[in-house]
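Below is one structure, written out as structure tokens, with a few remarks after it.
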Amino acid sequence: MEAILLVGGMGTRLRPLTVNTPKPMLPVAGVPFIAHQLAQARAAGVTHVVLATSYRAEVFEAWLGHGDRLGLEVDYVTEEEPLGTGGAIRNASSGLRADADEPVLIFNGDVLSGHDIGAQLRLHAEHGADVTLYLTEVADARAFGCVPLDDHGRVTAFLEKMPEPVTNRINAGCYVFRRSVIDRIPEGKVVSVERETFPGLLADGAPVMGYVDTAYWLDLGTPEAFVQGSRDLVTGALASPALPGPTGERLILDGASVHETARVFGGSAVGRDAMIEAGAVVDGSVIQDGVQIRDSARIVGSVVCAGAVIGPRTRLDGCVVGDGAQIGADVELAPGSRVWTNAVLADRAVRLTSDL
Ligand code: GDD
Ligand code: MG
């Protein structure tokens, strides 16, 4: 079985996390995010993957190479200028080997899910569908593709990012395409699979099926979701064959040092060669490689990127700290703050209260 992974997006909503690293390569529970997706795909029988890259394409190849570390065969097809989701799928088709009628799996490169890929493939085969979409249900569908079905599970419309969604059933970002349908997408131009290809197929009366699965699902498009996804993998709320250690309160990678009086919990992940000093508290956070957290700092629900330094007694809650940033002592940032790549904040530069 072959798969295409769409990984060319800019990850704008995650900046500064994505200033140096494309979203699918950001560490989640100790490994680049796509490692979890690829390991799940492999478990479902995928053997050959074409990565549709664009933004910072080189970062993928540097880590994944030909895919040996995940037991997969991986090829890369790179867009000089992003071609959109449909254009990227069409472009990646040059790397496929499947016959015209065979199914090809396609994954958005930023979705963490526990759905049954095998069941989705079976539904596709049973109905002789052109495309079978994995659908899930969310409380607020406005940020997603809305997908109403008829009584037989056939898709009746595809409505991308509607202000007033007609259903809470949404496109969960994993498709099965008949190979020949991919090859009918126009070549070499920007195409949105959501706004053009799916509505076009439906207008032509093509058989498009919805596979509804309400297992764990998360789009890692925001810093909050990113931290939550990492936490859920570390604690085992979602199983992943790529988790580099046992599930539990924390995941500490090789070379990291955590002082015996520091507390690391809540599904936190601590990267290689990171250092957490005496009395520090790290709760439900992602601490990337080489980060230094000084004594009695308190980090909750935050992402601290590679090589950043967090000063003594500094407090972060729901914050993002970019690569190489340095935050001094006794800083207290407002929840949701984003400290940019390589920024320097002096001791006591920002406070929320006057009683420090
Ligand atoms: N190669 C390539 N080229 N990949 C791209 C491009 C491109 O031009 N544009 C986007 N992608 C990749 C992104 O990297 C991401 O993995 C995936 O395509 C989806 O793009 P997002 O930018 O994350 O879209 P979204 O989250 O707003 O919406 C999509 O996902 C939702 C589910 O998470 C849509 O498919 C919605 O319909 C869906 O509900
Ligand atoms: Mg997304």
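Key figures
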quantity: Residue that is farthest from ligand 1 (Cβ to nearest atom) [pool: residues in the stretch 220-246 that are crowded, with 17+ Cβ neighbours inside 10 Å and without any contact (Cβ under 8 Å) to a residue 40 or more places away in the chain]; calculated: 235
quantity: Failed item, numbered, when residue 195 is tested on (1) of a type outside the set (Gly, Ala, Ser); (2) within 14 Å of residue 158 (Cβ to Cβ); (3) open to solvent by less than 20 Å² (accessible area, probe 1.4 Å); (4) within 13 Å of ligand 1 (Cβ to nearest atom); calculated: (3)
quantity: Selection count, the stretch 23-57, where residues are more than 27 Å from residue 97 (Cα to Cα) and within 10 Å of ligand 1 (Cβ to nearest atom); calculated: 1
quantity: Pairs where the first residue, in the stretch 194-205, is in contact (Cβ under 8 Å) with a residue 40 or more places away in the chain and the second is away from ligand 2 (no atom under 16 Å from the Cβ) and assigned to a helix (DSSP H, G or I), C-beta under 8 Å, 6+ apart; calculated: 201/181
quantity: Pair list, Cβ under 6 Å, 6 or more apart: the stretch 106-130 residue closer than 30 Å to residue 55 by Cα, other residue basic (Lys, Arg) and buried (at least 22 other Cβ atoms within 10 Å of the Cβ); calculated: 110/23; 130/178
quantity: All positions within the stretch 255-266 that are in contact with a strand residue (DSSP E or B) (Cβ under 7 Å, 6 or more places away or on another chain), outside any strand (DSSP E or B) and not aliphatic (A, V, I, L, M); calculated: 259, 266
quantity: Qualifying residue in the stretch 162-174 (condition: on the phi > 0 side of the Ramachandran plot, in a strand (DSSP E or B), within 16 Å of ligand 2 (Cβ to nearest atom) and not polar (S, T, N, Q)); calculated: yes
quantity: Unmet criterion (only one of (1) open to solvent by 10 Å² or more (accessible area, probe 1.4 Å); (2) within 16 Å of ligand 2 (Cβ to nearest atom)) for residue 146; calculated: (1)
quantity: Single residue of the stretch 69-112 satisfying the filter (touching a strand residue (DSSP E or B) at 6+ places or on another chain (Cβ under 9 Å) and charged (D, E, K, R)) that is most open to solvent (accessible area, probe 1.4 Å); calculated: 97
quantity: In the stretch 103-127, the residues that are assigned to a helix (DSSP H, G or I) and out of contact with any Leu (no Cβ under 9 Å at 6 or more places or on another chain); calculated: 118, 119, 122, 123, 124, 125, 126, 127
quantity: Number of positions in the stretch 149-166 that are open to solvent by 30 Å² or more (accessible area, probe 1.4 Å), modelled with pLDDT of 95 or more and either more than 15 Å from residue 195 (Cβ to Cβ) or over 21 Å from the mean Cα position of the chain (by Cα) (or both); calculated: 7
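The values are calculated or read from the model by the stated rules, or taken from the named source; none is laboratory data. Bear in mind the structure is a predicted one, so any value in this text is a computation, not a measurement. Because the Cβ atoms are built from the backbone with ideal geometry, glycine has one as well, and the counts that use them run over all protein chains shown. Surface accessibility is based on the protein's heavy atoms, side chains included, excluding ligands, DNA and RNA. Shrake-Rupley method; radii C 1.70, N 1.55, O 1.52, S 1.80 Å.
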